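To start, the structure under review is shown below, and the notes come after it.
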Amino acid sequence: MTKQTLFSLSILLVFFFHCITTLGQPAAAPAQPANAPVQPANAPVQPATPPVVQPAKAPAPVQSAKVPPIKKGVPDVTKILGKAGGFSVFIRLLKSTGVSDQLYGQLNNSNNGFTIFAPTDAAFSSLKPGTINSLSDLQKTQLVQFHILNTVVTLSNFQTLSNPVPTEAGDTSAGEFPLTVTTAGNQVNISTILVNTTLGGTVYSDNQLEIYQVDQVLLPVDIFSPKPKHKAPASAPTLSKPKGTDNDDDADADTDTPSVAAKVNASGAVSLNRHGILVSIGVAVIASLSRRDLMA
């Protein structure tokens, strides 16, 4: 027991001495870090400011074209002719050329008026087969317009028109599509040079539109008998003329070339001279022979 107690006390003394020695020494300074943290080379890039997107403007509402109101009681030419009957070919031409729509639009949008000479179906039947079908679209339009005057002419006012009367087909001042209107009492005569006819009955009449019946199709000269285009005349080839045949060269012919009579006179004179010489020679020979005989 004593040995164990001593051994234990010795161990305690050693431990106690070690503790005092350790506590008496100063505490070691904390170790400095070997390297400072590396600073980043570049500052982080700030994100770009996003563009401000303006809201798209809504498209302006499309203004619809103003359609003029339709006048009450505007005359429709094709309906009027269709109701009258007997104008089916002329109605078809009015529609196919678009002239009927033009007439309706102008009658609705303005105070202008028109006078129409409407050929009957019998008038078209009297033409040669294929006359209308052989025309171009432009010529068909001009043919229809040739039957329309851009003014309202009542029966009593035809005598006031000045010829040539202008039509919708062309300008008469330039000599195009001439139309002549004459009156004799109550009769109205219409002439296109190719066609002469008289005005028939009245199909329709108001303050904007006059439609008259005609028994022949008014054929304009500019379509059915066009004027030939003027061309410069080709120069005729110059022919060589014998001397003495041109009147302009008479003087030169008289001086440079002897006439036939002069040639005859000259040849006669030469022949006479030759005969005279021969006679003289003969007389001289005879005379010399006579002298020899006398001398012998």
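Residues that are in contact with a strand residue (DSSP E or B) (Cβ under 7 Å, 6 or more places away or on another chain) and assigned to a loop (DSSP other than H, G, I, E, B) were ranked within the range 159-213; the one that is surrounded by the fewest Cβ atoms within 10 Å (Cβ to Cβ) is Asn163.
Being under 33 Å from the mean Cα position of the chain (by Cα), over 14 Å from Pro220 (Cα atoms) and modelled with pLDDT of 95 or more, is that true of even one residue in the range 137-147? Within the range 137-147 (the criterion being under 33 Å from the mean Cα position of the chain (by Cα), over 14 Å from Pro220 (Cα atoms) and modelled with pLDDT of 95 or more), the answer is yes, since at least one residue qualifies. Checking the range 87-101 against the condition returns a match, with at least one residue being open to solvent by less than 40 Å² (accessible area, probe 1.4 Å), touching a His at 6+ places or on another chain (Cβ under 9 Å) and closer than 24 Å to Val188 by Cα. Of the residues making up the range 82-101, those that are within 12 Å of Gln145 (Cα to Cα) and not in a loop (DSSP other than H, G, I, E, B) are Phe90, Leu93, Leu94, Thr97, Val99, Ser100. Selection within the range 116-151: residues that are in contact with a Leu (Cβ under 7 Å, 6 or more places away or on another chain) and part of a loop (DSSP other than H, G, I, E, B). The member of this set that is surrounded by the most Cβ atoms within 10 Å (Cβ to Cβ) is His147. Every listed requirement among (1) out of contact with any helix residue (DSSP H, G or I) (no Cβ under 7 Å at 6 or more places or on another chain); (2) surrounded by fewer than 17 Cβ atoms within 10 Å (Cβ to Cβ); (3) in a strand (DSSP E or B) is met by Ser156 save one, (3).
The values are calculated or read from the model by the stated rules, or taken from the named source; none is laboratory data. Quick caveat, the model's predicted, so the values are computed rather than measured. When we count neighbours, we look across all protein chains shown, and the Cβ atoms used for this are built from the backbone with ideal geometry, even at glycine. Accessible surface areas use protein heavy atoms only, side chains included; no ligands, DNA or RNA. Shrake-Rupley method; radii C 1.70, N 1.55, O 1.52, S 1.80 Å.
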